[in-house]
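**Student:** Sharing a structure here in C-alpha coordinates format.
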Amino acid sequence: MFKKKALIVVIIMVLMVSIAGCAKKPTTSAPQTNTALTPEGHPAETPAQPGGKVSQVDVETKTVDLINKKYPGDWKVFGTTLSKGPYTENGNYKIVDDVAALFPDTMGVSIFVGEERISSSVLQGTERVLQGYPTPATVGEVMKSGTPTSTLSGGYLKVYIPFKDNSGKTVAVMTVSVPQS
(Lines give C-alpha, C1' and ligand atoms only; values in the text may rest on other atoms or scores of the structure.)
Protein backbone atom coordinates (compact mmCIF):
# COMPACT_ATOMS: atom_id res chain seq x y z
CA MET A 1 0.00 0.00 0.00
CA PHE A 2 2.82 2.40 0.91
CA LYS A 3 4.68 1.68 -2.34
CA LYS A 4 1.56 2.43 -4.38
CA LYS A 5 1.02 5.75 -2.58
CA ALA A 6 4.69 6.67 -3.00
CA LEU A 7 4.52 5.89 -6.73
CA ILE A 8 1.41 8.05 -7.11
CA VAL A 9 3.12 10.92 -5.27
CA VAL A 10 6.20 10.64 -7.52
CA ILE A 11 4.05 10.60 -10.68
CA ILE A 12 2.10 13.64 -9.52
CA MET A 13 5.31 15.52 -8.74
CA VAL A 14 6.73 14.75 -12.20
CA LEU A 15 3.49 15.93 -13.80
CA MET A 16 3.46 19.12 -11.77
CA VAL A 17 7.05 19.99 -12.64
CA SER A 18 6.45 19.26 -16.31
CA ILE A 19 3.26 21.28 -16.58
CA ALA A 20 4.86 24.24 -14.82
CA GLY A 21 7.01 24.86 -17.89
CA CYS A 22 10.50 26.22 -17.96
CA ALA A 23 11.78 29.76 -17.77
CA LYS A 24 13.73 29.66 -21.02
CA LYS A 25 11.99 31.28 -23.97
CA PRO A 26 12.08 29.34 -27.25
CA THR A 27 13.65 30.98 -30.24
CA THR A 28 12.82 30.70 -33.90
CA SER A 29 16.29 31.71 -35.06
CA ALA A 30 19.74 31.20 -33.58
CA PRO A 31 19.79 29.96 -29.97
CA GLN A 32 20.23 32.65 -27.33
CA THR A 33 21.82 32.46 -23.92
CA ASN A 34 19.27 31.75 -21.23
CA THR A 35 19.61 34.35 -18.48
CA ALA A 36 16.32 33.41 -16.78
CA LEU A 37 16.34 31.09 -13.79
CA THR A 38 15.19 27.54 -14.43
CA PRO A 39 13.72 25.57 -11.51
CA GLU A 40 16.31 23.22 -10.02
CA GLY A 41 16.28 19.81 -11.69
CA HIS A 42 13.91 20.98 -14.43
CA PRO A 43 15.04 20.30 -17.99
CA ALA A 44 15.63 23.35 -20.15
CA GLU A 45 13.26 23.96 -23.04
CA THR A 46 14.70 24.20 -26.50
CA PRO A 47 12.99 24.97 -29.80
CA ALA A 48 11.32 21.89 -31.23
CA GLN A 49 13.04 20.29 -34.20
CA PRO A 50 11.40 18.31 -37.02
CA GLY A 51 11.61 14.52 -36.92
CA GLY A 52 10.24 13.83 -33.43
CA LYS A 53 7.66 11.19 -32.57
CA VAL A 54 4.77 13.64 -32.98
CA SER A 55 4.85 17.05 -34.61
CA GLN A 56 3.51 20.42 -33.53
CA VAL A 57 1.19 20.42 -36.56
CA ASP A 58 -0.18 16.96 -35.63
CA VAL A 59 -0.96 18.09 -32.10
CA GLU A 60 -2.50 21.39 -33.27
CA THR A 61 -4.63 19.76 -35.96
CA LYS A 62 -5.99 16.97 -33.76
CA THR A 63 -6.63 19.36 -30.88
CA VAL A 64 -8.38 22.08 -32.90
CA ASP A 65 -10.46 19.54 -34.86
CA LEU A 66 -11.65 17.85 -31.65
CA ILE A 67 -12.49 21.13 -29.90
CA ASN A 68 -14.36 22.56 -32.90
CA LYS A 69 -16.35 19.33 -33.34
CA LYS A 70 -17.32 18.89 -29.68
CA TYR A 71 -17.63 22.55 -28.72
CA PRO A 72 -19.12 24.62 -31.56
CA GLY A 73 -19.15 28.39 -31.36
CA ASP A 74 -16.76 31.26 -30.82
CA TRP A 75 -14.20 31.64 -28.05
CA LYS A 76 -15.11 34.34 -25.51
CA VAL A 77 -13.41 35.59 -22.36
CA PHE A 78 -15.03 37.58 -19.56
CA GLY A 79 -12.38 38.39 -16.96
CA THR A 80 -10.69 35.00 -16.72
CA THR A 81 -13.77 32.94 -17.61
CA LEU A 82 -13.30 31.13 -20.93
CA SER A 83 -16.25 29.97 -23.02
CA LYS A 84 -16.64 28.37 -26.44
CA GLY A 85 -20.18 28.82 -27.67
CA PRO A 86 -22.49 27.94 -24.75
CA TYR A 87 -19.84 25.84 -22.93
CA THR A 88 -17.67 27.34 -20.14
CA GLU A 89 -14.38 25.57 -19.35
CA ASN A 90 -13.68 27.10 -15.92
CA GLY A 91 -14.55 24.52 -13.29
CA ASN A 92 -15.67 21.89 -15.83
CA TYR A 93 -12.34 20.70 -17.35
CA LYS A 94 -13.99 18.85 -20.26
CA ILE A 95 -11.85 20.44 -22.99
CA VAL A 96 -8.52 19.66 -21.27
CA ASP A 97 -9.64 16.13 -20.43
CA ASP A 98 -10.84 15.51 -24.01
CA VAL A 99 -7.52 16.75 -25.43
CA ALA A 100 -5.53 14.71 -22.89
CA ALA A 101 -7.47 11.61 -24.03
CA LEU A 102 -6.26 12.25 -27.61
CA PHE A 103 -2.65 11.83 -26.46
CA PRO A 104 -2.57 8.88 -24.02
CA ASP A 105 0.94 9.54 -22.69
CA THR A 106 0.53 13.30 -22.27
CA MET A 107 2.20 14.98 -19.30
CA GLY A 108 -0.72 17.34 -19.14
CA VAL A 109 -2.96 19.84 -20.87
CA SER A 110 -3.56 23.35 -19.51
CA ILE A 111 -5.41 26.45 -20.62
CA PHE A 112 -4.23 29.93 -19.67
CA VAL A 113 -6.17 33.18 -19.85
CA GLY A 114 -3.44 35.79 -19.54
CA GLU A 115 -1.14 34.63 -16.74
CA GLU A 116 -3.82 32.54 -15.03
CA ARG A 117 -4.13 28.78 -15.51
CA ILE A 118 -7.90 28.33 -15.64
CA SER A 119 -8.01 24.63 -16.55
CA SER A 120 -5.71 21.62 -16.28
CA SER A 121 -5.91 17.89 -16.88
CA VAL A 122 -3.32 17.30 -14.13
CA LEU A 123 -4.63 16.11 -10.78
CA GLN A 124 -3.02 16.30 -7.36
CA GLY A 125 -5.11 13.84 -5.42
CA THR A 126 -8.63 14.80 -6.48
CA GLU A 127 -7.85 18.49 -7.07
CA ARG A 128 -6.87 20.07 -10.39
CA VAL A 129 -3.41 21.66 -10.48
CA LEU A 130 -4.25 25.29 -11.28
CA GLN A 131 -2.05 27.33 -8.95
CA GLY A 132 1.37 27.24 -7.37
CA TYR A 133 3.43 27.01 -10.54
CA PRO A 134 4.73 29.84 -12.71
CA THR A 135 3.12 30.47 -16.07
CA PRO A 136 5.60 29.50 -18.82
CA ALA A 137 7.01 32.61 -20.55
CA THR A 138 6.02 31.07 -23.90
CA VAL A 139 2.34 31.43 -22.95
CA GLY A 140 2.74 35.22 -22.84
CA GLU A 141 4.60 35.20 -26.15
CA VAL A 142 1.82 33.21 -27.84
CA MET A 143 -0.85 35.49 -26.26
CA LYS A 144 0.91 38.49 -27.84
CA SER A 145 1.80 36.96 -31.22
CA GLY A 146 -1.22 34.72 -31.74
CA THR A 147 1.15 32.23 -33.37
CA PRO A 148 1.31 28.58 -32.27
CA THR A 149 4.75 27.31 -31.28
CA SER A 150 6.39 24.40 -29.50
CA THR A 151 9.39 23.63 -27.31
CA LEU A 152 11.15 20.48 -26.15
CA SER A 153 11.59 19.75 -22.45
CA GLY A 154 12.66 16.50 -20.85
CA GLY A 155 11.64 14.36 -23.83
CA TYR A 156 8.27 16.06 -24.23
CA LEU A 157 7.06 18.29 -27.04
CA LYS A 158 5.12 21.15 -25.45
CA VAL A 159 2.74 22.68 -28.00
CA TYR A 160 1.26 26.13 -27.37
CA ILE A 161 -2.03 26.70 -29.22
CA PRO A 162 -3.68 30.15 -29.24
CA PHE A 163 -7.47 30.41 -28.99
CA LYS A 164 -8.85 33.44 -30.83
CA ASP A 165 -12.20 35.19 -30.59
CA ASN A 166 -14.23 36.06 -33.69
CA SER A 167 -12.28 39.34 -34.11
CA GLY A 168 -8.97 37.42 -34.30
CA LYS A 169 -7.72 38.47 -30.85
CA THR A 170 -5.95 35.73 -28.86
CA VAL A 171 -7.99 35.21 -25.70
CA ALA A 172 -6.36 32.07 -24.28
CA VAL A 173 -3.49 29.62 -24.84
CA MET A 174 -3.59 25.84 -24.46
CA THR A 175 -0.46 23.84 -23.71
CA VAL A 176 -0.26 20.16 -24.62
CA SER A 177 2.81 18.15 -23.54
CA VAL A 178 3.30 14.93 -25.54
CA PRO A 179 6.21 12.45 -25.40
CA GLN A 180 8.87 12.61 -28.10
CA SER A 181 10.88 9.50 -27.31
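**Student:** Among the numbered conditions (1) in contact (Cβ under 8 Å) with a residue 40 or more places away in the chain; (2) out of contact with any helix residue (DSSP H, G or I) (no Cβ under 9 Å at 6 or more places or on another chain); (3) within 19 Å of LYS62 (Cβ to Cβ); (4) surrounded by 15 or more Cβ atoms within 10 Å (Cβ to Cβ), tell me where MET174 comes up short.
**Tutor:** If we test MET174 against (1) in contact (Cβ under 8 Å) with a residue 40 or more places away in the chain; (2) out of contact with any helix residue (DSSP H, G or I) (no Cβ under 9 Å at 6 or more places or on another chain); (3) within 19 Å of LYS62 (Cβ to Cβ); (4) surrounded by 15 or more Cβ atoms within 10 Å (Cβ to Cβ), just (2) comes out false.
**Student:** I'd like to know if region 127-140 contains one or more residues that are farther than 17 Å from THR63 by Cβ and touching a Leu at 6+ places or on another chain (Cβ under 8 Å).
**Tutor:** Checking region 127-140: at least one residue is farther than 17 Å from THR63 by Cβ and touching a Leu at 6+ places or on another chain (Cβ under 8 Å).
**Student:** Here's a follow-up. Looking at ILE118, ILE111, which one is surrounded by 20 or more Cβ atoms within 10 Å (Cβ to Cβ), assigned to a strand (DSSP E or B), touching a helix residue (DSSP H, G or I) at 6+ places or on another chain (Cβ under 8 Å) and at pLDDT 95 or above?
**Tutor:** ILE111
**Student:** Is it the case that TYR160 is in a loop (DSSP other than H, G, I, E, B) and among the aromatic types (Phe, Trp, Tyr)?
**Tutor:** no
**Student:** Which of the residues belonging to region 97-129 are touching an Asp or Glu at 6+ places or on another chain (Cβ under 9 Å) and without any contact (Cβ under 8 Å) to a residue 60 or more places away in the chain?
**Tutor:** Residues satisfying the conditions are ILE118, SER119, SER121.
**Student:** Take THR135 and tell me if it is part of a loop (DSSP other than H, G, I, E, B), under 19 Å from ILE67 (Cβ atoms) and either in contact with a Pro (Cβ under 9 Å, 6 or more places away or on another chain) or of a type in the set (S, T, N, Q) (or both).
**Tutor:** no
The values are calculated or read from the model by the stated rules, or taken from the named source; none is laboratory data. If you're wondering where the values come from, they're calculated on a predicted model, not measured in any experiment. No Cβ is skipped: glycine too gets one built from the backbone with ideal geometry, and neighbour counts run over all protein chains shown.
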